[in-house]
Amino acid sequence: MTTSPSLTRRSLLLGTAATAVAPGLLRAATALPRRPEAGGPLAHVYGRLGTPRGRMLGHAAAGPTGRTVTWLTTGSEPSATVVQWGVVPPGTPAGHVRQGRLLSSTATGTSEFAPGGHFHEDTATAQPVEGEHPVRVHRAELIGLPAGTEVAYRVGDGQTWSPVTTFRTREADDAFRLAHFGDHGVTVASRRTTAAVAAVQPDAVLVAGDLSYANGFQPRWDEWAGQIEPLTARVPLLPAPGNHEAKDYYGHTYRTRFATPGGGRNWYTTSLGRASLFVGTAGCFLTEHDPGSARDLVVDELIGLEQSLALAAARRAAGEIDFLVVAQHFPLYTNHATRGPFSPELVAVQEQVLQRYQVDLLLVGHDHMYQRSLPMAYGQPTGNALGYVQVVAGAGGNGLYDFADPDGPDWGQWCAAWSRRFSFVEYAFEPGRLVATAHGWADAQAELVEEDSNAVDPALLPEVIDSFTLTRKSTALVAAAAARAPRSAQEIVAGLPEAHGVVVRNLAEDCTRH
Ligand SMILES: [Fe+2]
Ligand SMILES: [Fe+2]
């Protein structure tokens with residue numbers, strides 16, 4: 001990693017003034033001079049030294065009312081991690097909110113440096129990047145947020161603050177709205193997706209892997225964090241890692257830059273109101289460079305999937321929730337022109353778990369297109385409510401891919417809807433039913449945007465390209481799923497090569513290199 005000479009000089013001038021935080025004085029912090037620009041050839045992604053950027057809200061382990069807050073600062077100096085927040089009473093003038101008059105509570109957290117340089121996964125080596133600066137990832141947790149209110153907050157080190165921004169906490173869990181897309185990037189189409197999803201004002205946004213397309217070049221993560229901040233500063237982000245996240249130190253960058261709620265090393269669960277959500281890696285961090293680790297990761301995740309779904313199925317049978325949702329990057333089934341799922345063996349084992357507990361919805365990315373299935377089991381439509389609906393929403397902004405047949409898929413009986421458009425999906429989880437709506441852009445230059453996602457019209461508005469409704473599964477199905485106790489670890493992964501130290505890549509195409 002290289003540091004510009006000006007950064008060193010400015011760092012000395014700044015000293016360590018940012019490290020001491022006196023909570024009682026935080027609200028008195030006013031108009032300090034702005035910190036210097038980071039400078040250098042990548043100055044546009046690094047902003048000002050020690051100045052918060054790239055804010056992301058997330059679901060906290062403490063429960064649905066908790067929020068994690070992460071943000072980034074540039075520079076190597078010690079830097080405190082402070083969030084000020086407060087409830088915004090109805091009718092409060094916007095000026096009062098912006099001025100930070102309502103920030104009566106304080107939370108502190110920790111920080112660590114993000115990985116730097118340009119990592120090459122094939123050789124497991126990293127090179128310095130000209131113009132790169134050290135990046136600190138700050139992480140704090142807000143607990144005890146009141147339900148059904150607007151909350152104002154700002155983040156900083158006690159002296160230099162972000163703008164004051166607001167978000168809403170949920171009143172009740174009976175109308176949760178989730179947005180979903182994957183394969184995002186930093187193109188004009190990516191930014192258009194960010195703006196459109198922010199306009200929908202969902203309760204959370206799932207980005208189903210292939211987030212930044214850094215491909216080892218770490219400054220790209222800072223560029224992407226700035227790109228998505230208008231959305232994630234207000235709406236909790238639920239990330240899933242994709243195969244491109246493996247290119248950044250085999251997932252170490254992903255684990256450092258994101259805060260996710262409780263679960264295992266690679267997976268987590270959270271609540272979407274009347275639905276439970278499990279988010280996993282589906283093997284995307286597998287690497288031949290460390291097959292022992294890969295085995296542990298996949299085995300840990302599959303056991304976590306089975307146990308989490310068994311618990312969720314019991315909650316569904318008890319009437320606490322209505323839907324079981326699983327999210328990951330890789331589709332289990334796809335009609336992309338050339339690619340298949342990551343590993344047929346892993347798909348087989350995963351699907352046994354999904355069917356065992358009668359998962360309702362599988363949300364994925366990876367193939368840069370929209371494709372929605374009928375309720376299906378093992379690649380066949382069930383003709384009834386048995387099985388799950390898979391939604392591929394991989395057209396978040398980083399290019400579009402082709403279907404095997406451009407006139408429409410006629411190979412898979414399971415396929416209910418498809419579209420080769422940049423798109424995202426919205427799910428409204430209500431008591432006993434969920435309503436899904438897919439939005440897509442009718443870009444005129446479809447051939448061009450395949451090559452260059454910056455060629456799209458940023459002002460074009462999306463239109464509805466698909467919608468469907470699911471209802472709570474029958475009492476008999478719900479009861480049968482809840483009656484199945486989690487199997488032993490050996491039983492779950494017995495047929496998986498990775499459990500025996502063998503890493504299997506996709507047998508149809510090498511989809512890890514696209
Ligand atoms: Fe992708
Ligand atoms: Fe992918």
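The values are calculated or read from the model by the stated rules, or taken from the named source; none is laboratory data. Just so it is clear, the structure is predicted and the values come from calculations on it, not from any experiment. A quick note on method: Cβ atoms are made from the backbone with ideal geometry, for glycine too, and the neighbour counts reach across all protein chains shown. Quick note on the areas: whole protein, heavy atoms, side chains included, nothing else; ligands and nucleic acids left out. Shrake-Rupley method; radii C 1.70, N 1.55, O 1.52, S 1.80 Å.
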The condition from (1) of a type outside the set (Asp, Glu); (2) modelled with pLDDT under 70; (3) within 22 Å of ARG220 (Cβ to Cβ) that GLY40 misses is numbered (2)
Taking ALA259, is it of a type in the set (A, V, I, L, M) and more than 13 Å from the chain's Cα centre (by Cα)? no
Among the residues of the range 166-183, is there at least one that is open to solvent by 10 Å² or more (accessible area, probe 1.4 Å), away from ligand 2 (no atom under 16 Å from the Cβ), of a type in the set (S, T, N, Q) and assigned to a strand (DSSP E or B)? yes
Picking from TYR250, TYR268, the residue that is of a type in the set (Phe, Trp, Tyr) and either touching an Asp or Glu at 6+ places or on another chain (Cβ under 6 Å) or open to solvent by 10 Å² or more (accessible area, probe 1.4 Å) (or both) would be TYR250
Does the range 188-213 hold any residues that are closer than 11 Å to GLU245 by Cβ and open to solvent by 10 Å² or more (accessible area, probe 1.4 Å), and which are they? TYR213
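Listed here are the residues, each with its yes/no results for (1) under 21 Å from SER276 (Cα atoms); (2) in contact with a Phe, Trp or Tyr (Cβ under 8 Å, 6 or more places away or on another chain).
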residue	(1), (2)
LEU354	yes, yes
LEU362	yes, yes
LEU374	yes, yes
ALA385	yes, no
TYR388	yes, no
ALA393	yes, yes
LEU400	no, yes
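Here is a list: LEU211, LEU272, LEU237, LEU277. Which entry is under 13 Å from GLN328 (Cβ atoms) and of a type in the set (A, V, I, L, M)? Reasoning before the result, please.
Details: LEU211 fails: under 13 Å from GLN328 (Cβ atoms); LEU272 fails: under 13 Å from GLN328 (Cβ atoms); LEU237 fails: under 13 Å from GLN328 (Cβ atoms).
Being under 13 Å from GLN328 (Cβ atoms) and of a type in the set (A, V, I, L, M) holds for just one of LEU211, LEU272, LEU237, LEU277, which is LEU277.
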Restricting to the range 321-336, and then to whatever is away from ligand 1 (no atom under 16 Å from the Cβ) and modelled with pLDDT of 95 or more, can you tell me which residue is surrounded by the most Cβ atoms within 10 Å (Cβ to Cβ)? VAL326
Can you run down the residue pairs with Cβ atoms below 7 Å, 6 or more apart or on separate chains, where the first is in the range 351-378 and open to solvent by 10 Å² or more (accessible area, probe 1.4 Å) and the partner is within 16 Å of ligand 1 (Cβ to nearest atom)? ARG372/VAL391
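From the residues in the range 40-85 that are at positive phi and surrounded by 18 or more Cβ atoms within 10 Å (Cβ to Cβ), which one is farthest from the chain's Cα centre (by Cα)?
Here is the first cut: in the range 40-85, the ones at positive phi are 40, 47, 50, 54, 63, 75.
Restricting the remaining residues to those that are surrounded by 18 or more Cβ atoms within 10 Å (Cβ to Cβ) gives 40, 47, 50, 54, 75.
Working: GLY40: 30, GLY47: 24, GLY50: 25, GLY54: 14, GLY75: 26 Å.
Only one residue tops the list, namely GLY40.
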Keeping to the range 143-181, report how many residues are of a type in the set (A, V, I, L, M) and modelled with pLDDT of 95 or more. 6
Mind listing whichever residues of the range 120-156 are out of contact with any Gly (no Cβ under 7 Å at 6 or more places or on another chain), part of a strand (DSSP E or B) and more than 24 Å from LEU57 (Cβ to Cβ)? THR125
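Just need a number here: residues in the range 194-214 that are more than 16 Å from ligand 2 (Cβ to nearest atom) and in contact (Cβ under 8 Å) with a residue 12 or more places away in the chain. Full working, then the answer.
Applying the first criterion (more than 16 Å from ligand 2 (Cβ to nearest atom)) to the range 194-214 yields 194-205.
Now restrict to residues that are in contact (Cβ under 8 Å) with a residue 12 or more places away in the chain: 194-198, 200-205.
Result for the range 194-214: 11.
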Does ALA107 satisfy the criteria of being under 29 Å from the mean Cα position of the chain (by Cα) and without any contact (Cβ under 8 Å) to a residue 60 or more places away in the chain? yes
Options THR256, THR232, THR287, THR269: the member that is of a type in the set (Ser, Thr, Tyr) and out of contact with any strand residue (DSSP E or B) (no Cβ under 9 Å at 6 or more places or on another chain): THR287
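Kindly indicate whether any position in the range 387-394 is in contact with a strand residue (DSSP E or B) (Cβ under 7 Å, 6 or more places away or on another chain), open to solvent by 30 Å² or more (accessible area, probe 1.4 Å) and within 15 Å of ligand 2 (Cβ to nearest atom). Spell out how you get there, then give the answer.
Let us first name the residues in the range 387-394 that are in contact with a strand residue (DSSP E or B) (Cβ under 7 Å, 6 or more places away or on another chain), namely 387-393.
Okay, now just the ones that are also open to solvent by 30 Å² or more (accessible area, probe 1.4 Å), so none.
No, every residue in the range 387-394 fails to be in contact with a strand residue (DSSP E or B) (Cβ under 7 Å, 6 or more places away or on another chain), open to solvent by 30 Å² or more (accessible area, probe 1.4 Å) and within 15 Å of ligand 2 (Cβ to nearest atom).
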Looking at VAL200 and the list (1) more than 21 Å from LEU297 (Cα to Cα); (2) of a type outside the set (Gly, Ala, Ser); (3) under 15 Å from the mean Cα position of the chain (by Cα), which single condition is not satisfied? (3)
Among the residues that make up the range 254-273, is at least one of them within 16 Å of ligand 1 (Cβ to nearest atom), modelled with pLDDT of 95 or more and on the phi < 0 side of the Ramachandran plot? yes
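Residues are listed down the side, and each one gets a yes or a no for (1) of a type in the set (S, T, N, Q); (2) on the phi > 0 side of the Ramachandran plot; (3) within 16 Å of ligand 1 (Cβ to nearest atom):
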{"site": "SER343", "(1), (2), (3)": "yes, no, no"}
{"site": "VAL349", "(1), (2), (3)": "no, no, no"}
{"site": "LEU361", "(1), (2), (3)": "no, no, no"}
{"site": "GLY365", "(1), (2), (3)": "no, no, yes"}
{"site": "GLN371", "(1), (2), (3)": "yes, no, yes"}
{"site": "ALA385", "(1), (2), (3)": "no, no, no"}
{"site": "VAL391", "(1), (2), (3)": "no, no, yes"}
